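These notes concern the structure reproduced below.
Where a number appears in this text, it was derived from the coordinates with a stated rule and is not lab data. This structure is a prediction, so every number in the text was calculated from the model and none was measured. For neighbour counting, all protein chains shown are included, and Cβ atoms are generated from backbone atoms with ideal geometry for every residue, glycine included.
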Amino acid sequence: MVRKKAFRQNPLTDKGSMYIMNNMVIEQKLKLSLKDVPGLVEGILEKMESLGIYNDIPMELRLAIEEALTNAVKHGNKLDPDKNVSIRVETFPGSVQIEVEDEGAGFDHGKVPLPTDDENIWKTSGRGVFLIRHFMDKAEYSQGGRRLKLCKCLKPK
Amino acid sequence: MKITETSQNDILVCQIDEEINIDTSPQLRKAFGDYVQKNAKKIVVDFSGVSYIDSSGIATFIELFQRLKKIEGKFRICCMAPKVKNVFEVTKVIRLFEVFDSRETALQGF
């Protein structure tokens, strides 16, 4: 996949990144605003691409990570600039695992209305969790809804 | 947000050359709000330059539909890349909008 570089501000630092053989672990705790999300995800995907271990990194992965981070900032941390979002990305030869955790009050992920239902289709919000679950191979909430663990199988080179 | 606006008779054609994400969708929302304020009742939104859209982007189009409905206006979408169209299809919102393969067909009979 050829991604258009947007040269966004990237809050990701090398501190908290570890490279072992052709795999990497990124672990960071950041005070994120919504504006930071696309740049952060672009930085993560660039690091994944630079490993050279995946045939293609699909748009759906980017979408799911951005939705997860947006939800953490907007709904989890309620846009509180003093609250952190923790992100952990670990690559494996045929997959990637991402964990996102906010410092909010949590929520009941089992009660998220289905945005594709007729009574919800015209709503201007509520599609993030649905898109995450649709595009990822695994999406598990824990810690009262504050932590989201995602897994996506990717074709190795 | 890079948007190019042109007019074809009474139709406003708006070409977006930017990703529609959580950072850029507020600007798109404002642009759409301006069109409605100026009483644009027929809008074709050309997606030729759109390589990515997220849920906030989808929301801007639902809002545009609702705002235009209040002034008896409507819009059409054209030239969606398959990956972008997929997001509309997966969320089932594609059935809410008129979607065309090309700008020419979107302008016909509008």
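Using helices alone, what [θ] at 222 nm do you get for the protein assembly as shown, with -39,500 (n - 2.57) per DSSP H run of 4 or more residues, divided over all residues and rounded to the nearest 500?
Computed ellipticity for the protein assembly as shown at 222 nm equals -9000 deg cm²/dmol.
Extending each Cα 7 Å along its Cβ direction at A:LYS157 and A:PHE92, get the distance between those two points in nm, one decimal.
2.1
On a full-extension model of 0.36 nm per residue, what is the gain between A:ASP56 and A:GLU103, subtracting their alpha-carbon distance, rounded to one decimal in nm?
Between A:ASP56 and A:GLU103, full extension yields 13.6 nm more.
Across the stretch B:95-110, in residue order, what do the Karplus-derived ³J(HN,Hα) couplings come to in whole Hz, using 6.51 cos²θ - 1.76 cosθ + 1.60 with θ = phi - 60° and x for Gly and Pro?
In residue order, the calculated couplings are 6, 7, 10, 8, 10, 10, 6, 9, 5, 4, 5, 5, 7, 5, x, 8 Hz.
With all pairs of different alpha carbon atoms counted, what Kirkwood hydrodynamic radius in Å does the stretch B:34-81 show?
Roughly 11.4 Å, rounded to one decimal.
With just the Cα atoms of the protein assembly as shown, tell me how far they stretch along each of the three principal axes, in Å, largest first.
61, 39, 30 Å, listed from the longest principal axis down.
Considering the zone a paramagnetic label at A:GLU49 would reach in this model (a point 7 Å from Cα along the Cα-to-Cβ line), which residues of the stretch A:78-93 have amide N under 19 Å from it?
Only A:89-92 fall inside the zone, counting backbone N under 19 Å.
Please state the Cα pair-distance histogram of the stretch A:18-57 with 10 angstrom bins from zero: what percent is in each bin?
Reading upward from the zero bin: 24, 50, 24, 2.
Alpha carbons only, please: Rg and Dmax for the stretch A:55-128, in angstrom.
According to the Cα coordinates of the stretch A:55-128, Rg and Dmax are 14.5, 42 Å.
Toward the positive end of the charge dipole of the protein assembly as shown, about the Cα centre and with charges on Cβ (Lys, Arg +1; Asp, Glu -1), which of A:SER142, A:PRO93, B:THR4 goes farthest?
Highest projection toward the positive end goes to B:THR4.
Under 1.5 on a/c is rounded, so check that first for chain B, then, if it is not, pick prolate when a/b is larger than b/c and oblate when it is not; a ≥ b ≥ c are the square roots of the alpha carbon gyration tensor eigenvalues.
rounded
Assign one of three labels to the stretch A:98-157, namely rounded, prolate or oblate, based on the Cα gyration tensor with a ≥ b ≥ c the square roots of its eigenvalues; rounded applies when a/c is under 1.5, prolate when it is not and a/b is larger than b/c, and oblate otherwise.
Since a/c reaches 1.5 but b/c is at least a/b, the shape of the stretch A:98-157 is classed as oblate.
Please report, for the Cα atoms of chain A, the Rg to one decimal and the Dmax as a whole number; what are they, in angstrom?
15.4, 50
So what does log10 I(q)/I(0) come out to for the stretch A:36-92 at q = 0.12, 0.13, 0.20, 0.29 Å⁻¹, using the Debye formula with one equal point on every Cα and no solvent?
Values returned for q = 0.12, 0.13, 0.20, 0.29 Å⁻¹ are -0.32, -0.37, -0.77, -1.28.
Send over the per residue convex hull volume for the stretch B:68-110, Cα only, as a whole number of Å³.
Output value, Cα hull per residue: 70 Å³.
Do the alpha carbons of any pairs in A:LYS83/A:LYS157; A:LYS29/A:LYS155; A:LYS74/B:LYS70; A:LYS74/A:LYS123 sit beyond 27 Å of each other, and which pairs?
In this structure, A:LYS83/A:LYS157; A:LYS29/A:LYS155; A:LYS74/B:LYS70 lie more than 27 Å apart at Cα.
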